[in-house]
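Q: Got a structure for you, questions after.
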Amino acid sequence: MYKLLVSDLDGTLLNAEHRLGDDTREVLLALIERGIGVILASGRHVRDIRSFSRLLGGRIGLISSNGAAVHDPRGRLTDTHPVDPSCLQFLLRDPLFDGVHTSVYRADDWLVDTPEPRLLRYHQASGFAYRVLDFAAMGDEPVLKVFYYHEDVAHLRTLETEILERHAEQLTTTYALPVVLEVMARGVSKGAALARIAARLGIQPEEIIAFGDGRNDLEMLSYAGRSLLMANADPWLKAALPDVERIASNAEEAVAHYLAARLL
């Protein structure tokens, strides 16, 4: 029997409307009652993920901002890895990023310097929203993640190369979506956060089952003893994990149906 279940949200656990389906909620609550730990792991901000946690009784762990922050089932912050402040001048103000929409996640808020309503469609269920602020007025509060939204995927690849050429010792990059380039402190990932949680709980990788669909799930799926890929997973991730079992899509609540058949 698995001791820990960890799942991505968008494209995996959430349905096509970015909401927690009834079947999914019912199955997860049943697993929690049987003593299986549940962790939601997402690139989303922790304030955003908590809206889904509350639907599950608030008894689950949270890996947020791609692993830059971790909260235990009691809501306590147990792990945080902010971006090196010396990198922020470049990430937020360099002309290289002109014309690309930039967002910042701090511990308690989401900041943008210009509105981008298209980003809000992913957060309708939680109501979490950005605040518009001149980045020059941010102050020195730690930054968990910087991310760039642009429809030209090739341009994002160019930006990623430039970021890593300048700050490879301090930063790491990933993609939650093909059009969203995400930047965190070096070594930050969902997988690294999961490994630290497992070590604290005394759980071995083979006692963990994980589900994901995006590039930012690679390390998490590689760490867990049992991993499942969604049918709608990013082709890049499918190529990176060719031997990982596929299940149906998030629109079909495939995670819930797989867990109900195997664990309930």
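Q: Residue check, Arg59 against (1) at negative phi; (2) touching a Ser or Thr at 6+ places or on another chain (Cβ under 6 Å); (3) assigned by TED's automatic domain parsing to the domain that holds Ile36, all met but one. Which one?
A: Every condition holds for Arg59 apart from (2).
Q: So in region 220-264, with the set limited to residues that are more than 18 Å from the chain's Cα centre (by Cα) and among the acidic types (Asp, Glu), which one is surrounded by the fewest Cβ atoms within 10 Å (Cβ to Cβ)?
A: Filtering region 220-264 for residues that are more than 18 Å from the chain's Cα centre (by Cα) and among the acidic types (Asp, Glu), the one surrounded by the fewest Cβ atoms within 10 Å (Cβ to Cβ) comes out as Asp243.
Q: So which of Thr24, Thr12 is crowded, with 21+ Cβ neighbours inside 10 Å, hydroxyl-bearing (Ser, Thr, Tyr) and over 16 Å from the mean Cα position of the chain (by Cα)?
A: Thr24 is the lone residue from the list that is crowded, with 21+ Cβ neighbours inside 10 Å, hydroxyl-bearing (Ser, Thr, Tyr) and over 16 Å from the mean Cα position of the chain (by Cα).
Q: Please verify whether region 139-147 includes one or more residues that are in contact with a His (Cβ under 9 Å, 6 or more places away or on another chain), in contact (Cβ under 8 Å) with a residue 40 or more places away in the chain, of a type in the set (D, E, K, R) and within 23 Å of Pro85 (Cα to Cα).
A: yes
Q: Can you pull out the residues in region 63-80 that are surrounded by fewer than 24 Cβ atoms within 10 Å (Cβ to Cβ) and either of a type outside the set (Gly, Ala, Ser) or in contact with a Pro (Cβ under 7 Å, 6 or more places away or on another chain) (or both)?
A: His71, Asp72, Pro73, Arg74, Arg76, Leu77, Thr78, Asp79, Thr80
Residues checked against (1) in contact (Cβ under 8 Å) with a residue 40 or more places away in the chain; (2) of a type in the set (Ser, Thr, Tyr); (3) assigned by TED's automatic domain parsing to the domain that holds Leu20:
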position	(1), (2), (3)
Ile163	yes, no, no
Glu169	no, no, no
Ala224	yes, no, yes
Ala231	no, no, yes
Pro242	no, no, yes
Arg246	no, no, yes
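Q: Please verify whether region 119-139 includes one or more residues that are in a loop (DSSP other than H, G, I, E, B), on the phi < 0 side of the Ramachandran plot and in contact with a strand residue (DSSP E or B) (Cβ under 6 Å, 6 or more places away or on another chain).
A: First, pick out the residues of region 119-139 that are in a loop (DSSP other than H, G, I, E, B): 124-130, 133-134, 138-139.
Still in the list and also on the phi < 0 side of the Ramachandran plot: 124-126, 128-130, 133-134, 138.
When the remaining residues are screened for being in contact with a strand residue (DSSP E or B) (Cβ under 6 Å, 6 or more places away or on another chain), the result is 130, 133.
Yes, that holds for at least one residue.
Q: Scan Leu133, Leu111, Leu156 and give me the residue that is touching a Pro at 6+ places or on another chain (Cβ under 9 Å), of a type in the set (A, V, I, L, M, F, W, C) and farther than 28 Å from Ala195 by Cα. I'd like the intermediate steps shown before the answer.
A: Numbers: Leu133 fails: touching a Pro at 6+ places or on another chain (Cβ under 9 Å); Leu111 fails: touching a Pro at 6+ places or on another chain (Cβ under 9 Å).
Exactly one residue qualifies, and that residue is Leu156.
Q: A further question on this structure: Restricting attention to region 43-53, does a residue exist that is over 17 Å from the mean Cα position of the chain (by Cα) and either surrounded by fewer than 23 Cβ atoms within 10 Å (Cβ to Cβ) or hydroxyl-bearing (Ser, Thr, Tyr) (or both)? Spell out the reasoning first.
A: Kept after step one, since they are over 17 Å from the mean Cα position of the chain (by Cα), are these residues of region 43-53: none.
Within region 43-53, none of the residues are over 17 Å from the mean Cα position of the chain (by Cα) and either surrounded by fewer than 23 Cβ atoms within 10 Å (Cβ to Cβ) or hydroxyl-bearing (Ser, Thr, Tyr) (or both).
Q: Moving on to the next point. For region 140-175, which residues satisfy the criterion of being among the charged types (D, E, K, R), surrounded by fewer than 16 Cβ atoms within 10 Å (Cβ to Cβ) and outside any helix (DSSP H, G or I)? Reasoning before the result, please.
A: Applying the first criterion (among the charged types (D, E, K, R)) to region 140-175 yields 140-141, 145, 151-152, 157, 160, 162, 165-166, 169.
Filter once more, keeping what is surrounded by fewer than 16 Cβ atoms within 10 Å (Cβ to Cβ): 140-141, 151-152, 157, 162, 165-166, 169.
Listed by number, the residues that qualify are Asp140, Glu141, Glu151, Asp152, Glu169.
The values are calculated or read from the model by the stated rules, or taken from the named source; none is laboratory data. Given the structure is predicted, the values throughout are model-derived calculations rather than measurements. All Cβ positions, glycine included, derive from the backbone under ideal geometry; neighbour counts span all protein chains shown.
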